[in-house]
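Asker: Supplied in structure tokens, the structure appears directly below.
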Amino acid sequence: MKETELAWLAGIWDGEGSVGVSRYRRPGNVNQVIAPQVQIQMTHEPTVVKTVEILREMGLTATAYTWRERKAHHKDMWGYNISRTGYVLRMATLLLPYAVTKREHWTLIKEFCEIRVGRMGLDDQGRLRKGGKPGWWVPYSDRELELADQLSRLTRRGKPAPVERPVDRQDATVQKSLESQPAGAA
């Protein structure tokens, strides 16, 4: 695996990819499942094919899919989704050093996966180990839930809830120029 390929893939993910978690409940089960998930979708098929090649070199199984747009003026889309915890952890470990825009996403998802893998283990396919008998389920720790919430906030569409509004630059510039004027000059 070339370092340039990892840097290129991290750049593609920064611009076109998604790093987060999905939450769901299985039918008939009260436990919520939180699954790490990375995906990419775009209209340029050769780029998606190249990313799949790099992922396979990383030892991950990735299959691209396509869907045709119903409206003639829309381009067809290509993409894929990776949700095996071991695969997401490997991607986070390899791409984090090169990430810029998604650096915080990769950092949080890596910690989430490390905690989960440490508590449950992985099978040889990169999936969390499941016992298959009653009592195998390991509840999420407070830290795992906190990380999942942080990732959900990062990937949410729209503007974040206002916490503290930064001072408007123009107002700060005007204030600074007023402060620098001698007294009585205004």
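Asker: Calculate the spin-label point distance for L145 paired with V30, positioning each point 7 Å from the Cα along the beta-carbon direction, and give it in nanometres.
Answerer: If labels sit at V30 and L145, their model points lie 1.4 nm apart.
Asker: Which pairs, out of K75/K110; K50/K102; K2/K110; K2/K50; K2/K102, put more than 24 Å between their alpha-carbon atoms?
Answerer: On the way: K75/K110 33 Å; K50/K102 20 Å; K2/K110 21 Å; K2/K50 13 Å; K2/K102 21 Å.
Where the Cα-Cα span goes over 24 Å, the pairs concerned are K75/K110.
Asker: On to the next question. Amide H to amide H, which residues 5 or more places from V33 or on other chains are under 5 Å from it, using H placed in the peptide plane?
Answerer: For V33, whose amide H was placed from the backbone, the distant partners under 5 Å are Y24, R25, R26.
Asker: Out of segment 1-100, which GluC sites (Glu not before Pro) are coil in DSSP terms and have no more than 16 other C-beta atoms within 10 Å?
Answerer: The qualifying sites are E69.
Asker: I've got another one for you. Give me the number: length gained by fully extending R153 to K75, i.e. 0.36 nm times residue separation minus the C-alpha to C-alpha distance, one decimal in nm.
Answerer: Working: separation 78, 0.36 × 78 = 28.08 nm, distance 2.97 nm.
Length gained, R153 through K75: 25.1 nm.
Asker: On to the next question. Once you have the alpha carbon radius of gyration of segment 1-145, what is it after dividing by 2.2 N^0.38 Å, with N set to its residue count?
Answerer: Working it through for segment 1-145, the quotient is 1.13.
All of the numbers you see were taken from the coordinates with simple rules; none came from a lab. What you see is a predicted model; the values in this text were computed from it and never measured. Ideal geometry is used to build each Cβ from the backbone, glycine not excepted, and the neighbour counts take in all protein chains shown.
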